[in-house]
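Right, one structure below, let's go through it.
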Amino acid sequence: MIQICEVGPRDGLQNEKKILSTEQKVDLIKRLIDAGIQKIEAVSFVNPKVVPQMADAEEVLRHVPRTENVTYAGLVLSRSGLERALKTDVDALHIVLAASNEFNLRNARRSVEQSVNELVPVITEAVAAGKSVVGVLGTSFGCPFEGEVPLDRILRIADQFMNAGCQEITLADTTGMANPKQVKDTVLAFKQTFGEQSPLGLHFHNTRGLGLANVFAGYEAGVRRFDSSIAGLGGCPFAPKAVGNVCTEDMVNMFHQMEIGTGTQLEKLINTACWMETQIGRRLDGMMMKVHESSC
Ligand code: ZN
């Protein structure tokens, strides 16, 4: 069984120029839940001047349906983000840094070391406050500014984050630079270092068309948790030409075709992707909704 973390409402929307209303975001989240999605990265607690699409994080969380099976996560890059998050009833915090120095300077205005030093106590406090905490390491498979990001650095940061209390690590390919062999080697190195059962998620972007190939490589290496974005929404305002995340309904179709369960209903996801296009007002990247164009 695959566990999907739907990142459309956060990673997806934050790169869209068109600002959606709180109501539209809540509507999207309701549709995703109706399609069977159980984990949603719904908001980001970042400076609204830098990422205006996420300015209504608190408002979104106040209006989403609270059901037992659904976990809402919010992104945190700094101590001030934690302080905002702890005033909400968000279930999980995704504590993020980029493993590449130059990228992290642009994204979080801190060096990797500064971010680690700031985020280790942030993780400890979030855990103490009863939140589930995932450490997300961006640019784990390469950086558009620095190129290769050393694997030993990624493993060292993962170690520091887990020691601080992170229950899970997600390795993120922020600008879609990963390839399937690299994914396999990285997952195996992670498992060798932290043990076979150590919870690991993968987050891919489809920038170079390798998103689903990378998901499959991760699956073959034993990973069962994947981030994806409805309709293939997504990108990163700080990454040149980064395009969408791996598309949720395309990924679900791949797994269902392989007779691997995801707990979601493909038709409802496709309908949600079609609806998303009408809200954003342009064609989006997902493939399955094009196959099903007549149902849109
Ligand atoms: Zn991303």
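The values are calculated or read from the model by the stated rules, or taken from the named source; none is laboratory data. Computed from a prediction, not measured in an experiment: that's the story for all the values here. When we count neighbours, we look across all protein chains shown, and the Cβ atoms used for this are built from the backbone with ideal geometry, even at glycine. Side chains included, ligands, DNA and RNA excluded: accessible areas come from the protein's heavy atoms. Shrake-Rupley method; radii C 1.70, N 1.55, O 1.52, S 1.80 Å.
Worth pointing out:
- When the residues of segment 178-189 are filtered to those that are more than 18 Å from Arg156 (Cβ to Cβ) and buried (at least 22 other Cβ atoms within 10 Å of the Cβ), the one that is farthest from the ligand (Cβ to nearest atom) is Val183.
- A search for C-beta distances below 6 Å between a residue of segment 1-27 that is without any contact (Cβ under 8 Å) to a residue 40 or more places away in the chain and under 23 Å from His203 (Cβ atoms) and any residue that is away from the ligand (no atom under 14 Å from the Cβ) and not polar (S, T, N, Q), counting only pairs 6+ apart in sequence or on different chains, returns Lys25/Val60.
- Condition check for Leu202: modelled with pLDDT under 95 and within 15 Å of the ligand (Cβ to nearest atom): no
- Condition check for Val43: open to solvent by 10 Å² or more (accessible area, probe 1.4 Å) and not hydroxyl-bearing (Ser, Thr, Tyr): no
Table: residues versus (1) among the aliphatic types (A, V, I, L, M); (2) within 15 Å of the ligand (Cβ to nearest atom).
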position: Ser132; (1), (2): no, no
position: Val136; (1), (2): yes, yes
position: Phe161; (1), (2): no, no
position: Thr170; (1), (2): no, yes
position: Lys191; (1), (2): no, no
position: Glu196; (1), (2): no, no
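- Every residue from segment 264-287 that is buried (at least 16 other Cβ atoms within 10 Å of the Cβ), of a type in the set (Asp, Glu) and in a helix (DSSP H, G or I): Glu277
- Going through (1) modelled with pLDDT of 95 or more; (2) closer than 27 Å to Met177 by Cα; (3) open to solvent by 50 Å² or more (accessible area, probe 1.4 Å) one by one, Lys18 falls short only on (1).
- Pick from segment 47-61, criterion more than 27 Å from Thr124 (Cβ to Cβ) and out of contact with any helix residue (DSSP H, G or I) (no Cβ under 7 Å at 6 or more places or on another chain), ranking: least open to solvent (accessible area, probe 1.4 Å): Ala55
- Contacts under 8 angstrom Cβ, first residue in segment 267-296 being under 19 Å from Lys25 (Cβ atoms) and of a type in the set (Lys, Arg), partner modelled with pLDDT of 95 or more and open to solvent by 60 Å² or more (accessible area, probe 1.4 Å), 6 or more apart: Lys268/Arg31; Lys268/Asp34
- Some residue of segment 15-36 being of a type in the set (A, V, I, L, M, F, W, C) and within 30 Å of Arg153 (Cα to Cα): no
- 3 or more residues β-branched (Val, Ile, Thr): qualifying strands (runs of 3 or more DSSP E) within segment 124-228: 132-138
- Of the criteria (1) among the small types (Gly, Ala, Ser); (2) within 16 Å of the ligand (Cβ to nearest atom); (3) surrounded by fewer than 14 Cβ atoms within 10 Å (Cβ to Cβ), which one Gly261 fails: (2)
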